[in-house]
Structure formats: C-alpha cells, structure tokens
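Below you'll find the structure, written out as structure tokens, and then a few comments.
The values are calculated or read from the model by the stated rules, or taken from the named source; none is laboratory data. A quick note: this is a predicted structure, and the numbers were derived from the prediction, not measured. Methodologically, a virtual Cβ is constructed for each residue, glycine included, from the backbone with ideal geometry; neighbour enumeration extends over all protein chains shown. Just so you know, the surface numbers come from the protein's heavy atoms only, side chains and all, with ligands and any DNA or RNA stripped out. Shrake-Rupley method; radii C 1.70, N 1.55, O 1.52, S 1.80 Å.
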Amino acid sequence: MSVQERKQRERAERERLIVATARELAEQQGWDAVTTRRLAERIEYSQPVLYSHFRGKREIIGAVALEGAAELAAAVRAATSDANGPRERVTALAHAYLDFAARNPAVYDAIFQLDGGLAFAQEDTPAPLKDAFAALLESLAEVAGDGVEPGLFTELFWASLHGLATLTRAGRLPPEYIGPRVELLVDRLAVV
C-alpha cells in the first residue's frame, strides 16, 4: 500500500468516525449538543482536523442525512421485499418508515428537518436521497391509481408518513394509534 493510499484510508476512517460520533451525540443529547468542539474532544482530534473534513456543523448534518437516507431506503426495501401483494407491501412500507423515524430521531431530523446543505427533488440531489425516494416509489407506484402520476402520489403518501412521524414524536398524536392510522392511510390513499 502506498503512502497516498494509506493517507486516503486514514482520512476516510476519520470522516466515518466524525459522522458516527455526531450521530451518537445527536441521538443522546440532540443536535444542539453537536458542536465542533465537542466532536473534536470525543474523537480526540483537534478542531482544525475536523474542519479539514467538514466546513462546519451543516456539512456534518448533511453527511449524517446521506448515511441515514441510505439506511432508510434499505429498511423500506427489506420490509417490503417479503410482502404478499400491494396492500401488505404499502402497509409494510409505512411501518418501516415510521419505525425508522422513531428509532433514529436525530438521523430523521438530519434527513428531513435540519439544514444539511442538501438539495431535494432537483437535478443535483445526492444519490442517497434520490434512492430513498425511489425505495418509496417502488412500492407506491403500483397503488397510485389510474391517471395519478406515481411520483406525485409518492410525495403525498410520504408527506402523510412524515406528518405522522413528527406529530407522534412531538406528543401531538398518541403513539398507541399508529397501527390504525397506517391502516386508514392505506385504505384512503392507496388503490389496492
């Protein structure tokens, strides 16, 4: 291994450590607790080293969002892969999405609530974000209904799930009714 390759590998490892530490800190104490000073202390590198990887917290949030989007896409695909038929697939998708949001609140916020400097629904949208949307579209396109553009239907269904996730987490909706809410959402929106 050349010196250049070793330095690249070490740089990539430091970057992964920064992102993992930011996620851990955000999940434990919230995003307000994630500062470059705290991260530098936790990873035992100086702040200049941290800034050599990320220009600031916004880019760190963006990196967490991209990682989280890939995990969300994988969770949705895993949940829907074993489903029998469109109704079961859409229901599995909804539960996987809501479970991901509940289990990973700081990552969910990085993807959908916080400014990570990432473009959404544009040509320059990063691949992990496009893939997360594609994971939803794969199951939802078949239940959009005649004459309904599948992408628009997916946006509407996603917005509904996002509302359920954020309102439940904020204590505005009782969590014990997630199941009936998902059933109602599937019944009313999806043509199955």
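Computed values, structure above
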read-out: Qualifying residue in the range 144-160 (condition: outside any helix (DSSP H, G or I), open to solvent by 40 Å² or more (accessible area, probe 1.4 Å), touching a residue at least 12 places away in the same chain (Cβ under 8 Å) and of a type in the set (D, E, K, R)); value: yes
read-out: Elements of type helices (runs of 4 or more DSSP H) in the range 8-110, at least 1 residues being under 27 Å from PRO175 (Cα atoms) and among the polar types (S, T, N, Q); value: 57-81, 86-103
read-out: Residue count for the range 15-37, restricted to those that are basic (Lys, Arg) and modelled with pLDDT of 95 or more; value: 2
read-out: Any hit, the range 28-41, residues being in contact (Cβ under 8 Å) with a residue 12 or more places away in the chain, under 16 Å from ALA101 (Cα atoms) and exposed (fewer than 13 other Cβ atoms within 10 Å of the Cβ); value: yes
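So that you can scan it fast, the table gives a plain yes or no per residue for (1) of a type in the set (S, T, N, Q); (2) over 14 Å from ALA26 (Cβ atoms); (3) open to solvent by less than 30 Å² (accessible area, probe 1.4 Å):
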{"site": "GLY56", "(1), (2), (3)": "no, yes, yes"}
{"site": "VAL64", "(1), (2), (3)": "no, no, yes"}
{"site": "ALA78", "(1), (2), (3)": "no, yes, no"}
{"site": "ARG89", "(1), (2), (3)": "no, yes, no"}
{"site": "ALA92", "(1), (2), (3)": "no, yes, yes"}
{"site": "LEU98", "(1), (2), (3)": "no, yes, yes"}
{"site": "ALA106", "(1), (2), (3)": "no, no, yes"}
